Structures are given as C-alpha cells and as structure tokens.
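To keep things clear, I will list the structure first and then write my remarks on it.
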Amino acid sequence: MKALILAAGLGSRLRPLTDDIPKAMVKYEGVEIIRHQIDTLLSLNIDDITIVAGYKSEILINFLNKNYKKKFNVIKNDKFASSNSAFSSMGAFNKFIRSDYIHINCDILFSQSLLSSLIENNQKNILCLRSDLQLTNSMENVIALEDRVINMALRQSKLAKFKAFGLAKIGKEALMKNLSLYENLKKRKQMQENYFGLIRMNLGMVDYHYIESNEKELSELNSVEDLDKCKFILEN
C-alpha cells in the first residue's frame, strides 16, 4: 500500500505557528503532525510514502532528511500560494501513484488502530468520518446510508450527519476517475479545486464507503482553535 501526504499549503489559519515552518511541522503535544503521520504509517509497514511540499518546502525536506533514514518521494508544488489540493495531488499521481493508496492531508491526526481498520477493510474506497461535532458550511458534510457515502457537500443539510476528514483509502479505479475528471476541468478550476471536491463530484460514478471514528482517534488541526480544543490521544 502506498501513501500520499499533501503538505504544500500555506497554513494561514495556524499563524503565527506557521510563520517560520510549514503546516505539517506544527506540533501537537510536542510532536510534529507529519512525524506522527509518518511514524504511524511506518508502524504498519507502509513505507512507500509520497509527500507534496510547497510552503517552506526546504524546511520540511531538511526535517525529513534529518529524522528519517528512509528516503521518501518528495514533490514540490511551486504554485502552492495559488493552487489547491487537487493540483498538488497531480504531481504525485503522474510520477509515483497509480494504484490503491492512503490519502492524507497534512493537518490530520489519526490513530494506528484507525489506520489499520482503513487498510484492512475489504472495501476499495473508504472515507474516515465523525458524527460527534457540529456541522458547518465550511465542512465536508456527508450524507450516508448504511455503510455507503451518498452525498458530500460544503453546506449543511438536515440529512447530513457526518464530517469527512482528510484521511481516506482510494482504490485504483476511483483514482483513475478522479484523474479523468480533473483533466476535463478548465485550467482555472484545476488550480482551485480541492481533491475531496473530485471525490464529491464522482460519487455518482464510484462507490465510497466509510469508517466512523471519534475525537480521540481522528482530529483535524486546521486552525489555532482546532489545536487548542484537540482531544486526540497521542500514542507513544
């Protein structure tokens, strides 16, 4: 199994913590987010890891070289200030990933047990969701039926019970559908689109299932407020 960590963004909502370091290197309980992600992946023998760097990329690359003997695939998105995660992902797909993989945003904390469940689940395409928070229009609001994701939108709905987090397993067929959709977008839309937006638009063509988690095993650190309120249990 391969893994992709998207770590190119500016992390503006985490300022001043990201004034001098990339978002992926912000610490939670003394541990850099990306160190937690990589160590959790390695603990389950996932070492084919591609990382897309952008903002403060040299600092991130130096951190990886200093802390890991294993050399990861690192791609630079030099247009990080004007692009979104769909654009960032394409460099990885064009060079390193054309099969099933674990998709990770660099602001996500996840437990080893959740990652293990994601990998071992027989379904090809799985999103990690939580239902224990107040949904807002800025979140990926998910409508699910039984174990399937039916709809996902950046707006509230009476039927939406879950928030999708930036941790997912994507199968090869779904990846190819996302690539095809991206290639047919206008250039401006390609730069603006979030990778989960591709998933959202392809829900009618590709089956996505889900695993429900909780605040102790799955958290997002997208802002200083998220960091202050986080209840994730960091494993030693």
Among (1) touching a strand residue (DSSP E or B) at 6+ places or on another chain (Cβ under 8 Å); (2) within 26 Å of VAL31 (Cα to Cα), there is one condition ASN125 misses while meeting the rest; what is its number?
(2)
Would a scan of the range 163-175 turn up a residue that is within 20 Å of TYR101 (Cβ to Cβ) and without any contact (Cβ under 8 Å) to a residue 24 or more places away in the chain?
no
Whether any residue in the range 51-58 is farther than 25 Å from ARG188 by Cα and at pLDDT 95 or above is what I want to check.
yes
Condition first: among the charged types (D, E, K, R) and at pLDDT below 95. Now tell me which residues in the range 82-126 satisfy that.
LYS95, ARG98
Residues located in the range 110-128, provided they are surrounded by fewer than 23 Cβ atoms within 10 Å (Cβ to Cβ), under 19 Å from LEU42 (Cβ atoms) and touching a residue at least 12 places away in the same chain (Cβ under 8 Å):
SER111, GLN112, SER113, LEU114, SER116, SER117, LEU118, ILE119
What's the number of the condition SER82 fails, among (1) part of a loop (DSSP other than H, G, I, E, B); (2) surrounded by 15 or more Cβ atoms within 10 Å (Cβ to Cβ)?
(2)
Among the residues of the range 88-109, is there at least one that is among the acidic types (Asp, Glu) and either open to solvent by less than 70 Å² (accessible area, probe 1.4 Å) or in a strand (DSSP E or B) (or both)?
yes
Counting only residues that are assigned to a helix (DSSP H, G or I), open to solvent by 20 Å² or more (accessible area, probe 1.4 Å), touching a residue at least 40 places away in the same chain (Cβ under 8 Å) and within 16 Å of PHE110 (Cα to Cα), how many does the range 12-71 have?
1
Name the helices (runs of 4 or more DSSP H) wholly within the range 135-236 that hold at least 2 residues that are in contact with a helix residue (DSSP H, G or I) (Cβ under 9 Å, 6 or more places away or on another chain) and buried (at least 20 other Cβ atoms within 10 Å of the Cβ)?
172-183, 195-201
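The values are calculated or read from the model by the stated rules, or taken from the named source; none is laboratory data. Because the structure is a prediction, the values reported are computed rather than measured. All Cβ positions, glycine included, derive from the backbone under ideal geometry; neighbour counts span all protein chains shown. The area values use the complete protein model at the heavy-atom level, side chains included, leaving out ligands, DNA and RNA. Shrake-Rupley method; radii C 1.70, N 1.55, O 1.52, S 1.80 Å.
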